[in-house]
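Input: a single structure, listed below in C-alpha cells.
The values are calculated or read from the model by the stated rules, or taken from the named source; none is laboratory data. Since the structure is predicted, the reported quantities are computational estimates derived from the model, not experimental observations. Here the Cβ positions follow ideal geometry from the backbone for every residue, glycine too, while neighbour counts run over all protein chains shown. Note: areas computed on protein heavy atoms with side chains; ligands, DNA, RNA excluded. Shrake-Rupley method; radii C 1.70, N 1.55, O 1.52, S 1.80 Å.
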Amino acid sequence: MSSRQSRAQRRAAGGIVGPQSALTDFLASHNISANQIRLDAEARRRAAENNPSGSGEQQDEQATVPAAETAAATATADTQDDPASTEQLGRGRHSTGADSQTEKQKKAQKVIDKIKASKKFQKRKRKDGDADDEDDIARAIFQERSAPLPGQMENCALCKKRFTVTPYSRNAPDGGLLCSRCGRDLDPDDGAPKKKAKRVSAGAGKRRQIQSKILDGDYHPGAKSLMTLCIETLAKNIHLAEDLNNLAPQVIDKIARKLSKQRLLNSTTLNLFLQPSAEDVFIYDAAKLTGDDFIRIFQLVPGLRKLKICNAIHFKNDIMDYMLSRHINLEAFYLHGANLLSESKWKEFLEKKGQSLRSLKVYWTDKHFGDEVLSHLATACPNLNRLKVSHNQRVSGEGVKAIANVKSLQHISLDLRLEVHPDVYVSLLNGIGVGLQTFSLARVPDTDNTVLDAIHNHCRSLQKLRITDSELMTDEGFVRLFTGWENKPLLFIDFQKCRHLESAQPRSNPDNIGLCSNGFKALMAHSGKKLIKLNVHACRHISAAAFEEVFSEEKIYPDLVKLEISFCEEVTDFVVGSIFRSCPNLRELNVFGCMKVKDIKVPHGKLLVGVPTANGMVIDGDD
Amino acid sequence: MATKSDGPSNSKYITMVSSDGFEFVVIREASLISPTIKAMLRNNFSEAKTGRCVFPDISGLVLEKVVEYLYYYHKNVNVPYVPDMEIPVELCLVLLEAADYFQLDSVTVGTAFRSMGDTLKF
C-alpha cells in the first residue's frame, strides 16, 4: 500500500534529492530503494504499534515514558533522507493506514483527548506559555508516548549504545530506555554484583596497603593503637581543630608527623603547633609555609629550644636575621633543604647563637654550608655534642679536619659529596674518637682499613657505627676492628655495600675486600649480645658457613630487632630458619635478592621481607 | 595473676569507674593491654585488691570508648586485616588525651626497640 504511494510521491517531488549515502547509491544500482526499505519498516512498526494497542497504551501511560531524545533522534534520522519522505512519514504517523484509517484516527483522537485532560498536558501548556494550538501540544505528547516497541533498536539513555528493546528494558531515571547492562546497574533491588565487586577491590587495596606499610617498617599485626586511630581521625578533620593545648608534647609531635605525611601542614594548621608554652617545634614538611610563617614561629614561641624544619625552602637570610634579633637560644637546630641561606648568615648564626647549641643537623644544601662554617664550630659552639651534615656538596676534607677541634662532640654523622681522603677521617678520630658515641660515614667509597684501625684504637664509647659503600676496606680490617676492641658492644651497625666491586669477575674476591665471613663472625662475637639493628646489605662475600656458625643453635642474640641481609647471596632457607631461632625478639628480616631463600615458614609475629613469592614480596608470620 | 587468694583480686573481670559514676565491667585480660591499668592492678595497690579502678578525670562518654577499644584490640590480636575502629570526630581530642593517659600509643612495639628509639633520638 504505502510502497506505491511513496514511489508516486517521490516522483512527484520532482527529483529533489538530498545527500545520499554510499549504501543508498549501491542499493540503487541494484535496483533496491533504501527509502523503500525504510518506509516498509515504518509501516511494520506502525502495524505493531496498533495491534496490541490496548495493553501497549496502558503500559506506556504507566511508565512516564519516553524520551524526547528518541523522537528527536528519529526526526534527525529522517531529515537526512529526502524531504518528501519526511513529509510522508509525518503524515503517516497520525493517519495510520488507508484501510482502517478512520478507525485509527478515532482511536488516536481519543488518546489525544485523554492527553489533553491529563496533568502532564496542563503542565506542558503552562510551561510553553500561550502556545496557541492545543492540538499541537497534545499531538507532540502522543508522539512521545509512541516509544520504541519490543524488537526495535534503540540508543541507551545512559551509555548511548545501540541495543534491542525487549519487554524487560528498563526506563532511565530521566526519560529514555536503558540497555540491559545499564538497567542491571540501575536496579536498586539487585545490588549484589555491585557489592561483591566493591568487597573484592577493598581486599586487594588492603593487602597492598599492608605490604606498603611493612616496607615502611611500621606494620604491626592486630589493631592499630588508640592513639593512631585518634590521630588519623584528627588528620581527616584537622580543619575542625582549634587548638591542641591540653595534649602532651609527644602526642603533638605524632600529630605533626601525620599531618606532614599527608601534606596538610600549611599556614593555618601550623598555628596548632605554635603554643606559647612550647619548647619544641618540629615541622616535618614546611614546603607549603612561607617566610612569614617561619617568622611567626619565633614570634609565638618565645621559649623555643628545639627547632626542626624539613623542606625549609623558604628559610632565607631575612628569617635568620629575625631569629638572631630575638632572645631565642636554640639547643637543637635541624634544617633540611634550606638552600637559600647564605654562608655568611650561617657564620653569623653560629657566632651569635652558637653558645647554647648542642645539636646541629643540616641536610640537603648545595653550596652555602661549607668548610668555613664548620671551622667556626670549634670556637663558636663549645657545647655542641651532635653534628650531622648530610647530602652536602660543599664540605671537603678541610671542613672535616676542622670538626676534630670540637672536643665536645659525641655524635658525628657525615654524608658528603666531595671526596675526602681516609687520612682526614683518621685525624678526626685521633682528635675526638674517645668520646664518640655515634660515628656515621655514608657513601665513602675511598675509605680504607686505616679508618677501621683508627676506630679500633681511639673509640671507647661507640654505640652506633655506620660505614657504607666502602670499596677498599678488607675483611682483615674488620677482623682487626672487632677483635680485642675495648669498646662496649655496639647497638647499631650498618656496613651496607662494603664489598668488592669488579664487573669482569664478580664472583672472585682474592683480597677479601669488603665485609666477608671472618669480619662478620668477629662483628657478631663482639657486638651480638647487645646489637639492636644490623645492616649488612649486599655484603655478598659472607659465606653460608659463616652465617650458620654465627646463628648456630647455642647462640642467642636477645636484642636484635631488625636484620638486613639483602643481596647476601649465600643466605639459604636454613640460614633464615637459624636466624629466627637465634634472635627471639627479631621483628623484621630483609632478604631481598637472596635467591636461595625459597620456602620458609615464618614464626608468629615476625616479618620476612623480600621473598619473591606469588603472594607478593612479604611473608608475615601468622602461625 | 595471683591464683591463691579468692575475691576480686583474681576475678576474671575488673570494674572501671568514670568521673560521673558510670561503671564498666571489663575482662581483666583485655584491660591489661593498657600499661597504666596493668600497673594499677599490680602489687598491693587498692585497685589490685578491690578490682575497681576509678578514673576521676575521665568522663563516662570517653571511658566507654576506651573500653570499646580495649575489647576491639583484644578481639583482634594478631589478626592481619583489622578494620579501623570508628572514632567520633567530636571525641577525637579527648580520646587522644585518654589514649595518652592509658598509654595506648604503640602497644605492640617491643620494649627494646622503644628504648633504642630514645637513645638515638634527636
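Mind checking the full-extension length gain between A:GLN109 and A:ASN271? Use 0.36 nm per residue of separation minus the Cα-Cα distance, one decimal, nm.
Details: separation 162, 0.36 × 162 = 58.32 nm, distance 7.50 nm.
Full extension of this stretch gives 50.8 nm more.
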Quick one: check the C-alpha center-to-center distance for region A:452-466 versus region A:560-595, whole angstrom. 26 Å
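Would you kindly calculate the mean projected area, averaged across all directions, of the convex hull enclosing the Cα atoms of region B:39-105, in square nanometres? Walk me through the numbers on the way to the answer.
Values: hull surface 22.1 nm².
Approximately 5.5 nm², given one-decimal rounding.
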Work out the FRET efficiency for A:ASP453 and A:GLU553 from their Cβ-Cβ distance, taking R0 = 30 Å, and round it to the nearest 0.05. 0.30
How far apart, in nm, are the 7 Å Cα→Cβ label points at A:ASP511 and A:ASN339? 3.7 nm
List residues of region B:52-81, by number, whose backbone nitrogen lies under 19 Å from a label position 7 Å along Cα→C-beta of B:ASP20. B:54-69
Shielding score for B:72-78, defined as the mean number of other chain Cβ atoms within 10 Å: 4
Residues of region A:256-273 with backbone N under 11 Å of the label point set 7 Å from the Cα of A:THR290 along Cα→Cβ are A:267
Zero-based 5 Å bins, Cα pair distances in region B:8-119, whole percents: 2, 11, 20, 23, 20, 13, 8, 2, 0
Between A:ASN383 and A:TYR168, what's the calculated FRET efficiency when r is the beta-carbon distance and R0 is 51 Å? Round to 0.05. 0.05
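For peptide B:94-105, what's the mean number of Cβ atoms from other chains within 10 Å of each residue's Cβ? Present the calculation step by step, with values, prior to reporting the outcome.
Numbers: counts 2, 6, 15, 5, 3, 8, 9, 1, 2, 3, 7, 9.
Averaged over the peptide's residues, the number is 6.
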Cα-based Rg and Dmax for region A:439-557, where Dmax is the largest Cα-Cα distance (Å): 13.5, 41
Taking a crude spin-label model, label points 7 Å out from Cα along the C-beta direction, the A:GLU351 to A:ARG257 distance in nm is 3.9 nm
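Any idea of the total accessible area buried by the B-A contact, 1.4 Å probe, rounded to 100 Å²?
Accessible area lost upon association: around 3500 Å².
Estimate the FRET efficiency between A:LEU300 and B:GLU90 by the formula 1/(1 + (r/R0)^6), using the beta-carbon distance for r and 30 Å for R0, to the nearest 0.05. Working shown, then result.
On the way: r = 27 Å, r/R0 = 0.90.
Computed FRET efficiency for A:LEU300 and B:GLU90: 0.65.
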